[in-house]
Amino acid sequence: MNIPNSPRPATSSPPFITESAVNGSTPKKRGLPAYEPFLIALVLGASLVLSFFADAYFLQLIGKVLIFWSIGLGLQTLTSHAGVISLGHAAFLALGAYIAGAMTLFWHSNVVFILAAVIIATGAAGLLMGALVLRTQGLYQLMATLAIAQMMYYGFQSLRSLGGDDGFAIPARPPIIEGLLSLDSDFALSLFIVFITALVVWLMGHLNRSELGALMRATRDDEQRVASLGESPYRVKLVAFFISAVLAGIGGALIAYLTEFASPKLGDWMVSGELVILVLLGGASTRIGIFAAALAVVLIQEQVAQYTDHWPIALGLVVLLRVLMPGKQGGINR
């Protein structure tokens, strides 16, 4: 960077703001253990192979775990990296499901066009919610995300043309490309979910290693220092909010196709709580940790629920053990 001859100090921001620039110390070695790429490849490869042999129930189980893995990675970016906790991301899940279901039901669109619409709609909704809630802090910020999400939840319930409280069924899945690739079978949908998950996992890994990822973590650690270096903490958090909203929306669309149903219950605050639990259990920095958390949450929901309606107690015990684990911090903290 050229230094101007003017005696006035330069006001442009440095080309790369790192955590060490904010903290004034040698950065800790963060991020990925050496074995994580191998574990990620193993998980995705196993999911791909199992898709060829599993029955319909197991395919749904695999699909749900992978979808929640993708959603959890987006929320990890917002919560653990940018330092923003949200109790409202289930709203984006429901929004993605409703857009995907309605476009399939009324317009018979293909998946590429539908996912593009989901990305645009949930991205815009994420920017709007983020622009509002990021002007608050602490408990007020948390309650603002919850309040906006609950308004959207009741909005979905009021859509009588789409089933109201009961939601609506999606009678047929749309093709990926008209006349070429179809998602009619559970096998084809499972392969598509594996592909989308692999893409999301790769993108989130790239984001974590990028300048933007470092800037998010620096903003989480010291907003005032980042601002003094010429960057806007507000804009950095807003970008993280946008990314997490889009991934939640895509996850909602995939869940709608997986279950062939769209329900306002996807936008309930309890679902937002489960998404926060994913980050808490999965940890702050590893992608494979979010997969393990998604697997644990889905197995508790599906397996424990077969024996008792009080499965949230089992989930609560797992969360409590994670928080009280000696020498470890919860996923929300760094």
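The values are calculated or read from the model by the stated rules, or taken from the named source; none is laboratory data. Note that this is a predicted model, so its numbers are computed, not measured. Don't worry about glycine lacking a Cβ; one is built from the backbone with ideal geometry, like all the others, and counts go over all protein chains shown.
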Within the stretch 294-316, restricting attention to residues that are of a type in the set (S, T, N, Q) and part of a helix (DSSP H, G or I), which residue is surrounded by the fewest Cβ atoms within 10 Å (Cβ to Cβ)? GLN306
When you look at SER80, is it at pLDDT below 95, under 30 Å from PHE156 (Cβ atoms), crowded, with 22+ Cβ neighbours inside 10 Å and under 13 Å from the mean Cα position of the chain (by Cα), yes or no? yes
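Quick grid of which residues meet (1) without any contact (Cβ under 8 Å) to a residue 40 or more places away in the chain; (2) surrounded by fewer than 18 Cβ atoms within 10 Å (Cβ to Cβ); (3) basic (Lys, Arg); (4) farther than 20 Å from ALA131 by Cα:
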residue	(1), (2), (3), (4)
ALA149	no, no, no, no
ARG160	yes, yes, yes, yes
LEU203	yes, yes, no, yes
ALA227	yes, yes, no, no
ARG235	yes, yes, yes, no
ALA245	no, no, no, no
ILE250	no, no, no, yes
Among (1) touching a residue at least 12 places away in the same chain (Cβ under 8 Å); (2) among the β-branched types (Val, Ile, Thr); (3) out of contact with any strand residue (DSSP E or B) (no Cβ under 9 Å at 6 or more places or on another chain), which single condition is VAL111 missing? (3)
Considering each of LEU159, LEU181, LEU191 in turn, give the residue that is of a type outside the set (S, T, N, Q) and within 24 Å of the chain's Cα centre (by Cα). LEU191
Sort out which residues of the stretch 95-128 are touching a Phe, Trp or Tyr at 6+ places or on another chain (Cβ under 7 Å), buried (at least 20 other Cβ atoms within 10 Å of the Cβ) and hydrophobic (A, V, I, L, M, F, W, C), and write them in order of number. ALA100, ALA125
Counted residues in the stretch 42-53 being more than 15 Å from VAL201 (Cα to Cα) and either without any contact (Cβ under 8 Å) to a residue 12 or more places away in the chain or aromatic (Phe, Trp, Tyr) (or both) come to 4
Could you please find all residues in the stretch 134-151 being under 18 Å from ALA245 (Cα atoms) and of a type in the set (S, T, N, Q)? GLN141, THR145, GLN150
Among the candidates LEU39, LEU61, single out the residue that is in a helix (DSSP H, G or I), touching a residue at least 40 places away in the same chain (Cβ under 8 Å) and touching a Pro at 6+ places or on another chain (Cβ under 9 Å). LEU39
Within the group THR122, THR104, which residue is assigned to a helix (DSSP H, G or I), polar (S, T, N, Q) and either closer than 17 Å to TYR153 by Cα or in contact with an Asp or Glu (Cβ under 8 Å, 6 or more places away or on another chain) (or both)? THR122
Pairs, first farther than 22 Å from ALA46 by Cβ in the stretch 177-195, second not in a helix (DSSP H, G or I), C-beta under 8 Å, six or more apart: ILE177/ASN110; GLU178/ASN110; LEU181/PRO175; SER182/ARG173; SER182/PRO175; SER182/ILE176; ASP184/ALA172; ASP184/ARG173
Test: residue in the stretch 274-284 that is touching an Asp or Glu at 6+ places or on another chain (Cβ under 9 Å), under 16 Å from LEU75 (Cβ atoms) and at pLDDT below 95: no
Being under 16 Å from LEU247 (Cα atoms) and in a loop (DSSP other than H, G, I, E, B) narrows it down to one residue among LEU127, LEU87, LEU95; which is it? LEU87
Filtering the stretch 205-225 down to residues that are touching a residue at least 60 places away in the same chain (Cβ under 8 Å) and aliphatic (A, V, I, L, M), which residue is nearest to PHE38 (Cα to Cα)? LEU207
